[in-house]
């Protein structure tokens, strides 16, 4: 049986615990580090917090939230608590007001799926066009078919509103980055289909984006294989890379 997530609250630890695989972890890590918002959705707040904390803690120290440096450009903004259908409107908009293109945002959402997340965002007063900039949504749930262990069952990407050459708005449906295959207990990767869009979002060339995602995937796989799961080892390995 995989170790509990409580004992291994780091990205390599959660890979060992089978909450997600190294490839999806690397993708979320890279996008969050480059300022793309990350929302973790689910009904179990403790499980969601473990995943969101692991992604945030994997960021360089100068990118992680810091109360003493609140609002400082380049630092990720972490929304306190959990956003839900009954949460007072305006909290998310207030958090977005202090973000920049480089800082990004991280939040927990009490919702079972993408549709539920979009309902919560609407309840926060965001229009569909505004919500389209909120990046990655990781849906995690405890699965009875694996003895109640948590799995990221779906990863979505909200594709931001774009303007075409004539200045007309171009709206696209959310994309699927990955889904969990319950039968084989593995993740199907679909992010390759929008890799150029993801690369453009974080201001990287498409080839460089693929190389960097692969580098982080291999790094996580190597740490898992060697049983080196603590945050300090991950940070040191990331700096070397």
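The values are calculated or read from the model by the stated rules, or taken from the named source; none is laboratory data. What you are looking at is a predicted structure, and each value in this text was computed from that prediction instead of being measured. Because the Cβ atoms are built from the backbone with ideal geometry, glycine has one as well, and the counts that use them run over all protein chains shown.
Here is how the numbers come out for the structure above:
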{"item": "Condition met for residue 118 (outside any loop (DSSP other than H, G, I, E, B) and touching a helix residue (DSSP H, G or I) at 6+ places or on another chain (Cβ under 8 Å))", "result": "yes"}
{"item": "Given (1) surrounded by 18 or more Cβ atoms within 10 Å (Cβ to Cβ); (2) touching a residue at least 60 places away in the same chain (Cβ under 8 Å); (3) in a loop (DSSP other than H, G, I, E, B), number of the condition residue 151 does not satisfy", "result": "(3)"}
{"item": "Any hit, the stretch 124-135, residues being touching a helix residue (DSSP H, G or I) at 6+ places or on another chain (Cβ under 7 Å), part of a loop (DSSP other than H, G, I, E, B) and surrounded by fewer than 18 Cβ atoms within 10 Å (Cβ to Cβ)", "result": "yes"}
{"item": "Residue in the stretch 83-104 that is assigned to a strand (DSSP E or B), under 16 Å from the mean Cα position of the chain (by Cα) and under 14 Å from residue 40 (Cβ atoms) present", "result": "yes"}
{"item": "Residue count, the stretch 33-47 (criterion: over 11 Å from the mean Cα position of the chain (by Cα) and surrounded by 19 or more Cβ atoms within 10 Å (Cβ to Cβ))", "result": "3"}
{"item": "Unmet criterion (only one of (1) touching a strand residue (DSSP E or B) at 6+ places or on another chain (Cβ under 7 Å); (2) under 19 Å from residue 220 (Cβ atoms); (3) not in a loop (DSSP other than H, G, I, E, B)) for residue 36", "result": "(3)"}
{"item": "Residue 84 vs. criteria farther than 29 Å from residue 224 by Cβ, in contact with a helix residue (DSSP H, G or I) (Cβ under 8 Å, 6 or more places away or on another chain) and either modelled with pLDDT of 95 or more or crowded, with 23+ Cβ neighbours inside 10 Å (or both)", "result": "yes"}
{"item": "Residue in the stretch 183-206 that is over 21 Å from the mean Cα position of the chain (by Cα) and more than 19 Å from residue 33 (Cβ to Cβ) present", "result": "yes"}
{"item": "Of all residues making up the stretch 206-241, the number that are outside any helix (DSSP H, G or I) and without any contact (Cβ under 8 Å) to a residue 60 or more places away in the chain", "result": "2"}
{"item": "Within the stretch 154-193, tally of residues that are at pLDDT 90 or above, exposed (fewer than 11 other Cβ atoms within 10 Å of the Cβ) and closer than 24 Å to residue 128 by Cα", "result": "1"}
